[in-house]
Structures are given as structure tokens and as C-alpha cells.
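Reviewing the structure listed below.
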Amino acid sequence: MATKAAPTRVDHRDADDPQGWQFNSSLVLTMLLLLVVALQGPIRRGLSAPVMQSWMTVFVAVVLQALPFLVIGVLLSAIIAVFVPPSFFARALPRRPALAVPVAGMAGAVLPGCECASVPVAGALVRRGITPAAALAFLLSAPAINPIVLTATAVAFPRNPEMVLTRFVASLLVACAMGWLWQRLGRTDWLRPPDRPSPDGLGKGAAFWGSVRHDVMHAGGFLVVGAMAAATLKAVVPASWLHTAATIPVVSILALAILAVLLSICSEADAFVAASLSQFSLTARLAFLVVGPMIDLKLFAMQAGTFGRGFALRFAPATFTVAVLISALVGAVLL
């Protein structure tokens, strides 16, 4: 008896395309370009609106201010990762984390660079085995107390030279306080530095440029996202709100602290912005100078990308709170 043949499975996919539709980056880019060409009229009219011009100005300014220092930080990060042996850090910092925190905080005074540079450097320090408390103290202090920032502060406040000392003291206190707070309450699973290509089997030069390419693509993307958010908020916040807030001392401190987060200005330039806010008290402007280099929109995005979203969601609010409280206290004593 002849056996009945098994039914043949019919494949309904196009014979000319046996793998079906596959969306890749080239296809998406092509579709996006076609969409832009088709809608170039409405896009041109939208970009010519005053609010969009303001948005583009802020976005470009934030990116251009931060990008050179981001590159500096990436280069320092690659140097630390490839050329500096782990034993160097064991010798340079005290063995006890409680003492390593202020030493790392003071190290920020000798390394020029803004907050964008400190994030990848701090990531490299953690990967090299430095206690996270010390690395975080450096992350917060370096953009606030380095020589370039303090010099810019002195130039921006020629009639108030005490602003240089108060910025230095308040920023260093916040950095040390957050380092000690992390040492006491922080958990290892909250801090997850990103993986990077292994340098095993590569020469020093190849490993160095591999590290640079990795960090530029990684941190640069989050910088752009943060700059877009800062530009959006800057374009829609009414200027009249600032004049109202300046008349109430407590509100003025909080207002400038929040403004520092929203504006995301590079620490090398923020002193000149603070000096222009003459309707606010010196203490309120001190809060602006202390908070901004430690936590803003682009920094939050970069910290989330470097150390993990769970870390950023815990570290950023704590940093903001400690920075505001210490700024108010130091301002009340020294200003």
C-alpha cells in the first residue's frame, strides 16, 4: 500500500525576499531623509519661529561648551585605563576609604576640566579598583574647584572676591559629604560601570584609541540627550518667574539651584551667568555655582549612562539636597 505523503508546509514569504523585511540603520536613515525632504517646508517654518531659534541657540551652546572638555575627560580616562597601573592608585590614596575621600576631593583642584570631563574619568577610576566613595568625591569636586573655574569665578565677581573662597569651601564640603555618604549607605549593585572592549591582546596604542572611541560614543550620546532637554526647558520657562523668586530668600536659593540643573551650563562659564543674576543674593548665586557642576540635566544623563540608571536616580537627588543645604550654610557664614 502506498504511504500518504506528509503535507508540505507552505511559506508565504516572498520568494525574492526569503528573510522577510529587515530594518537596519541604513534603511531607517534613508526613510528619515525622505521624510525630511517631503516635509522641508513645515520644518523650515518651524525652525524660523523665535522659540525654536532660542532652543537651537541653547542646544548648540551647551554642546559646544561641553564637547571639548568631554574629549579631555575621555583622553584622561583612556590614559588611566591603559597606561596607569592599578598599583599607582593604591599608593596615591590612603587605604582607609574615609581618608581617601577628602584626598580624592582635593585632587579635583589640580585637574582642569568641567563636569563632562569628570564623569568618564571617575568611571575609569572605579574600573581601576578605586573605592567608589573616593571616585565620586573626585567626580563632584573636579568641575567645581579646579584652577580654571576658580579663576573664572574671580573674574566674574571682581567686587566680591569672597565668592572664590566660598565656592571652593562649599563645593569641597559637598564632594566629601557625598563620598562619605556613599561609603556608609551605598551598595555595590547600585553602581554599575559600563563594560568596554577588552584590551587583552592589543598593543598600548590600539587599546588607547579603542577606549577613546568607546567613551566618546557612549558619553557623547548622553550629552546630546541632556543638552536637548536643557534647551527645551530653557525655551519654555518664563523669565518673570526669576524676578518673583528673587524677593524671597529661601525660594531664591531653591530657584537658582533648580535653574542650575535646568540650564546645564559648563562650569567654566557658569560664574558669568551667576554674576549676571544680580537681582539674587550672593548666597543664592553661590547655590547656583555649587549645584550646577555637580548635577544638571546632561550630567544626570551621563551619570545614568556611565554608572547605571539606578545609581543616577539615587545619587542625583541626594547630591542636589546636600549641595543646597551646604551652600546655604556656607553662604550664611562667609558671605
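For a quick check of your reading of the model, give me the residue pairs whose first member lies in segment 148-169 and is within 13 Å of Ser276 (Cα to Cα) and open to solvent by 30 Å² or more (accessible area, probe 1.4 Å), whose second is assigned to a helix (DSSP H, G or I) and of a type in the set (Gly, Ala, Ser), with beta-carbon atoms closer than 8 Å and at least 6 apart or on different chains.
Val155/Ala271
Being hydrophobic (A, V, I, L, M, F, W, C) and in contact with a Leu (Cβ under 9 Å, 6 or more places away or on another chain) narrows it down to one of Ala231, Ala239, Ala260, Ala269, so name that one. Steps first, answer last, please.
Numbers: Ala231 fails: in contact with a Leu (Cβ under 9 Å, 6 or more places away or on another chain); Ala239 fails: in contact with a Leu (Cβ under 9 Å, 6 or more places away or on another chain); Ala269 fails: in contact with a Leu (Cβ under 9 Å, 6 or more places away or on another chain).
After applying the criteria, what remains is Ala260.
Looking at segment 225-236, is at least one residue open to solvent by less than 60 Å² (accessible area, probe 1.4 Å) and within 30 Å of Glu162 (Cβ to Cβ)?
Yes, because at least one residue in segment 225-236 is open to solvent by less than 60 Å² (accessible area, probe 1.4 Å) and within 30 Å of Glu162 (Cβ to Cβ).
Kindly indicate which of Val126, Val119 is within 20 Å of Gly308 (Cβ to Cβ) and either at pLDDT 90 or above or open to solvent by 20 Å² or more (accessible area, probe 1.4 Å) (or both).
Val126 is the lone residue from the list that is within 20 Å of Gly308 (Cβ to Cβ) and either at pLDDT 90 or above or open to solvent by 20 Å² or more (accessible area, probe 1.4 Å) (or both).
Give the residue, chosen from Ser54, Ser48, Ser77, that is open to solvent by less than 80 Å² (accessible area, probe 1.4 Å), modelled with pLDDT of 70 or more and not hydrophobic (A, V, I, L, M, F, W, C). Write out each step before concluding.
Values: Ser48 fails: modelled with pLDDT of 70 or more; Ser77 fails: modelled with pLDDT of 70 or more.
So the residue among Ser54, Ser48, Ser77 that is open to solvent by less than 80 Å² (accessible area, probe 1.4 Å), modelled with pLDDT of 70 or more and not hydrophobic (A, V, I, L, M, F, W, C) is Ser54.
Looking at segment 197-224, which of its residues are modelled with pLDDT under 75 and buried (at least 17 other Cβ atoms within 10 Å of the Cβ)?
Hits for segment 197-224 are Ala207, Ser211, His214, Asp215, Val216, His218, Ala219, Gly220, Phe222, Leu223.
Scan the helices (runs of 4 or more DSSP H) fully inside segment 248-315 and keep the ones with 3 or more residues being open to solvent by 10 Å² or more (accessible area, probe 1.4 Å) and at pLDDT 90 or above. Quick ask: steps written out before the conclusion?
Working: elements: 249-263, 270-276, 282-291, 297-307.
Result: 249-263, 282-291.
So which residues in segment 143-172 are in a helix (DSSP H, G or I) and under 19 Å from Val119 (Cα atoms)?
Matches in segment 143-172: Pro143, Ala144, Ile145, Pro147, Ile148, Val149, Ser171, Leu172.
Show the residue pairs meeting these rules: Cβ distance below 8 Å; 6+ apart or different chains; first residue within segment 322-335 and more than 12 Å from Phe288 (Cα to Cα) and part of a helix (DSSP H, G or I); second residue open to solvent by 30 Å² or more (accessible area, probe 1.4 Å) and charged (D, E, K, R).
These pairs meet every condition: Leu334/Glu162.
The values are calculated or read from the model by the stated rules, or taken from the named source; none is laboratory data. Computed from a prediction, not measured in an experiment: that's the story for all the values here. Ideal geometry is used to build each Cβ from the backbone, glycine not excepted, and the neighbour counts take in all protein chains shown. Note: areas computed on protein heavy atoms with side chains; ligands, DNA, RNA excluded. Shrake-Rupley method; radii C 1.70, N 1.55, O 1.52, S 1.80 Å.
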